[in-house]
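Quick notes on the structure that follows.
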Amino acid sequence: MSQVVESLVDYLRGRVAAGQTSVYLDEQAKEVLREFFRRGGRRRKPEASRSAAPATPAAPAPREAPQPAATELVVSGSTAAEKIASLRAQAENWEPARRLGSLRDTMVFSTGNPEAEVMLVGEAPGYQEEREREPFVGPAGQKLNDILKAMGLGRDRVYISNIVKFRPAMNRQTTNNRKPSPEEMASCLPFVRAEVGVVRPKCLVALGGTAAEGLLGLAGSVGSMRGRWHDFEGIPVRVTYHPAYLLHGRAGLQDKRRIWEDMLAVMERLGMPVSEKQRGFFLPKS
Ligand code: URA
């Protein structure tokens with residue numbers, strides 16, 4: 001292996017050891033890897049050592065292996081609020097997301113308290129969030145506020161973010177939204193990772209299956225993911241249903257109880273007091 005490839009492999013091993021499960025590769029990086037693969041892992045000889053007059057025009061000089069630092073974020077500032085502000089500024093023109101061409105222009109970062117003990121992560125901003133440039137301010141956000149209130153928390157006591165920082169674009173889009181693609185989630189995941197690094201919450205809540213997929217790489221139903229603790233960068237994660245599930249009367253008492261049990265687990269993890277009344281929310285009346 002060349003020294004460059006060895007360094008890359010070492011770097012990637014380090015990221016895996018730190019819990020990272022995916023890396024973003026731009027087109028140029030992918031092309032370098034394809035070329036490397038085509039050559040059976042051998043580096044091309046330097047141009048100078050080949051015959052002086054090639055019969056066909058020389059192929060472009062090999063490009064160096066991808067530089068992971070090129071898409072790495074810089075967290076600056078001394079307080080958590082300053083650090084989040086520095087990330088927010090970098091998100092505005094985040095090339096990996098912009099380059100996809102499938103996300104809308106307005107960037108929506110996060111809301112709440114950067115020193116909170118709990119961080120909630122949704123999938124992507126919708127129509128209302130884009131207008132107000134704040135996550136969870138539409139109808140699903142109202143439901144989230146209700147859940148937080150039942151826990152005895154206001155939005156000032158939690159940190160709320162999304163996996164994707166831009167509203168996924170659609171043809172003839174008005175107020176309609178779509179779920180973000182895996183590529184769109186991967187493009188913004190470095191921010192979520194950096195936000196978790198700044199906030200260092202006692203636990204995370206993934207709101208819905210898409211957020212769980214983006215954050216934890218899980219697939220399947222929320223039912224199969226909830227009811228136990230997962231791990232993201234060393235922080236315990238609880239998966240629950242997206243608050244939008246509570247809209248339009250789709251959810252029955254049992255569904256509400258399931259979400260509530262997830263929140264009870266979060267409260268216990270945070271060491272919050274849980275009253276008898278709270279413990280009995282959404283249980284069938286006997
Ligand atoms: N749904 C989400 O997942 N995030 C928002 O910010 C709003 C709705």
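Would you mind calculating the relative contact order of the stretch 97-169 from Cα pairs under 8 angstrom and at least 6 residues apart, reporting the percent as a whole number?
Details: 126 pairs, mean separation 37.2, N = 73.
Once divided by the residue count of the stretch 97-169, the mean separation gives 51 percent.
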| query | Projected onto the charge dipole of the stretch 101-158 (+1 at Lys/Arg Cβ, -1 at Asp/Glu Cβ, origin at the Cα centre), which of 116, 135, 150 gives the Cα projection farthest towards the positive end? | reply | 150
| Residue-by-residue Karplus 3J(HN,Hα) for the stretch 140-148, coefficients 6.51, -1.76, 1.60, Hz, glycine and proline x | 5, x, 5, 5, 4, 4, 4, 4, 4
| task | Would you mind checking the pairs 83/256; 202/285; 143/165; 143/179; 83/277; 179/277 and listing those with alpha carbons more than 28 angstrom apart? | result | 83/256; 202/285; 83/277; 179/277
| request: Convert each backbone phi in the stretch 238-247 into a coupling constant with the Karplus relation 6.51 cos²θ - 1.76 cosθ + 1.60 (shift: θ = phi - 60°), then list the ³J(HN,Hα) values in order as whole Hz, x for Gly and Pro. | output: 10, 9, 9, 5, 5, x, 4, 5, 7, 7
| remark: Quick P(r) readout (the stretch 129-286; Cα-Cα; 10 Å bins; whole %) gives 9, 38, 39, 12, 2, 0
| query | Using modelled backbone amide H atoms (1.01 Å from N, in-plane), which distant-in-sequence or interchain residues come within less than 5 Å of residue 169's amide H? | reply | 103, 104
| said: Which of rounded, prolate or oblate describes the stretch 215-266 when judged by the alpha-carbon gyration tensor and an a/c cut-off of 1.5? | reply: prolate
| task | Subtracting the Cα-Cα distance from 0.36 nm times the residue separation, let me have the gained length for residue 178 to residue 250 in nm, one decimal. | result | 24.0 nm
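Among 167, 279, rank each residue by its count of other Cβ atoms within 10 Å, from fewest to most, as a rough exposure measure. Intermediate results must be reported in sequence, preceding the final value.
Details: 167 24, 279 12.
Arranged by neighbour count, lowest to highest, 167, 279 become 279, 167.
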| query | Going highest first, how would you order 78-85, 262-269, 212-219 by mean Cβ packing within 10 Å? | reply | 212-219, 262-269, 78-85
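What's the whole-number percent of alpha carbon pairs in the stretch 194-282 lying beyond 20 angstrom? It would help to have the intermediate numbers written out before the result.
On the way: 1484 of 3916 pairs.
Here the long-distance tail beyond 20 Å is 38 percent of all Cα pairs in the stretch 194-282.
Once the Cβ-Cβ distance between residue 100 and residue 76 is put in as r, and R0 is 30 Å, what FRET efficiency do you end up with, to the nearest 0.05? Provide the component values of the computation, followed by the final result.
Numbers: r = 26 Å, r/R0 = 0.87.
The computed FRET efficiency comes out at 0.70.
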| request: Assign unit charges at the C-beta atoms only (+1 for Lys and Arg, -1 for Asp and Glu), then state the dipole size of the stretch 148-286 relative to its Cα centre in Debye, rounded to the nearest 20. | output: 460
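Taken together, the values in this text are just the output of simple stated rules run on the coordinates, not laboratory data. Small disclaimer: the values here were computed from a predicted structure and weren't measured. So basically every Cβ, Gly included, is an ideal-geometry build from the backbone, and we count neighbours across all protein chains shown.
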